[in-house]
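To start, the structure itself, in structure tokens.
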Amino acid sequence: MFYVGEYTVCSDRVVTHQVHFKKGMNGATMKASVKGYDTVQYKLGAKAGQKMHVSID
């Protein structure tokens with residue numbers, strides 16, 4: 001935990017995953033879980049006209 005001015009900022013866990021598509025595939029499935037105020041970030045690239053569908057259960 002550290003302080004910024006009058007605010008207290010908690011240092012919760014942040015996990016980053018790079019999303020890769022296997023050759024010839026047009027999709028990928030990633031699974032992760034979070035607890036409390038933890039964060040999971042997914043990084044990926046896309047080209048013009050591509051679409052992304054995200055589902056959170």
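The residues in the stretch 11-28 that are at pLDDT below 80 and open to solvent by less than 80 Å² (accessible area, probe 1.4 Å) can be counted, and the count is 0. I need every pair where a residue in the stretch 29-57 that is open to solvent by 100 Å² or more (accessible area, probe 1.4 Å) has its Cβ under 8 Å from the Cβ of a residue that is at pLDDT 80 or above and in a strand (DSSP E or B), sequence separation at least 6 or different chains. Close Cβ pairs (under 8 Å, with a partner that is at pLDDT 80 or above and in a strand (DSSP E or B)) amount to LYS43/THR16; LYS43/HIS17; LYS43/GLN18.
The values are calculated or read from the model by the stated rules, or taken from the named source; none is laboratory data. Please read these numbers as outputs of a predicted model, since none were measured by experiment. Positions of Cβ are backbone-derived with ideal geometry, glycine not excepted, and every protein chain shown enters the neighbour counts. Keep in mind that these areas ignore ligands, DNA and RNA; they rest on the heavy atoms of the full protein, side chains included. Shrake-Rupley method; radii C 1.70, N 1.55, O 1.52, S 1.80 Å.
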